[in-house]
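Structure first, commentary second.
Nothing in this text is a laboratory measurement; each read-out follows from the coordinates by a stated rule. Everything numeric in this text was worked out from a predicted model, so none of it was measured. Neighbour counts run over all protein chains shown; Cβ positions are idealised from the backbone, glycine included.
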Ligand code: SF4
């Protein structure tokens, strides 16, 4: 029996190379070893969104990127969180066994309160409960996380433990699968590559766009002239070469330090490497995008498969909690 992996990601639209090198390549690799459930957590996104205008478009674009990158909907369940409403039900039931003090001490909740003081909604404080419901509804046993997310997973384990001890064991305690997500800085060389900053390269960008974006990348700030010796250890272009041009990083290091290569040429090499790495992805994306209704079909099938598991979990939960179920009404009493 293969263990079940659960992972959710907010619908952030087109994925950038930071998403690709971190979460996405890992998602693809996990499919060989585990039964994977990959969820676009659109309800979670509502806790921080100012506007929902692009939510549908962002969901489609993200799923297209996932599939083109190698997530196989035959192997894995790919679906949208809100399409399986049982997660909201489990969230409410879990909220009855989760002390408020556990939620108020979560560091990310405190950060969010500072970041959006005008919108401290109930969803923000209940976020870890919904996250626990996401994992537990599908009896997720393994959750791929970065080190920074470990406290969240520990809280999910505490909630599950508490439920199991109060009502009887139903849920596995989800285990962290620690993944070394590489920190990919944006083109500004300062912030993590992200959607909110103008510092990203989308994996679906055309070769011309990639070249144009790479040319804007900040390099070694001390290297003002071509004849200045460079310091690759402080240059983000060099860091990106490590991911995309691993066979030539030594050579680039030496040439940069000796001022034998200029930043423009160095960036041209990077753009070529990124483009050749992304070529199979682009071809696959174009082919999937040309199939009318394909994404809808994948998401509908994913929601159906997820719902079968979800309904059975909710039935078990209600039975353990001694709730009178609708099915009970059909029996004589
Ligand atoms: S030559 Fe390359 S590694 Fe060196 S500073 Fe310029 S961009 Fe960075």
Review point. Antiparallel DSSP bridges in the chain: what percent, to the nearest 5?
Key: 10 percent
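Compute the convex hull volume of the Cα atoms of the range 1-88, divide it by the residue count, and report the result per residue in Å³ as a whole number. Please list the in-between numbers first.
On the way: hull volume 9.0 nm³, N = 88.
So the per-residue Cα hull volume is 103 Å³.
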Review point. Given springs between every Cα pair under 10 Å in a Gaussian network model of the chain, which of 110, 195, 139 has the largest fluctuation?
Key: 110
Check your understanding: What is the Cα convex hull volume of the range 110-214 when expressed per residue in Å³?
Key -> 150 Å³
Exercise for review: Would you list the P(r) distribution for the chain, with all Cα-Cα distances sorted into 10 Å bins from 0 and each bin expressed as a whole %?
Suggested key: 5, 22, 29, 23, 13, 5, 2, 1, 0, 0
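Kirkwood Rh, Cα Rg: Rg to Rh for the range 241-323?
1.41
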Check your understanding: Based on Cα positions only, what radius of gyration and what Dmax would you give for the range 205-274, in angstroms?
Key -> 11.3, 33
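What is the Rg over Rh value, at two decimals, for the range 193-333, using alpha-carbon atoms and the Kirkwood definition of Rh? Don't jump to the answer; show the numbers that get you there.
Details: Rg = 26.3 Å, Rh = 19.7 Å.
Dividing the radius of gyration by the Kirkwood radius yields 1.34.
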Exercise for review: Could you let me know the centre-to-centre spacing of the range 1-70 and the range 204-269, using Cα atoms, in angstrom?
Suggested key: 30 Å
**Study point:** Simple label model, 7 Å out from Cα along Cβ direction - residue 331 to residue 316, nm
**Key:** 1.9 nm
Point to revise | Calculated Rg and Dmax of the range 1-158 using C-alpha coordinates, Å | key: 15.6, 48
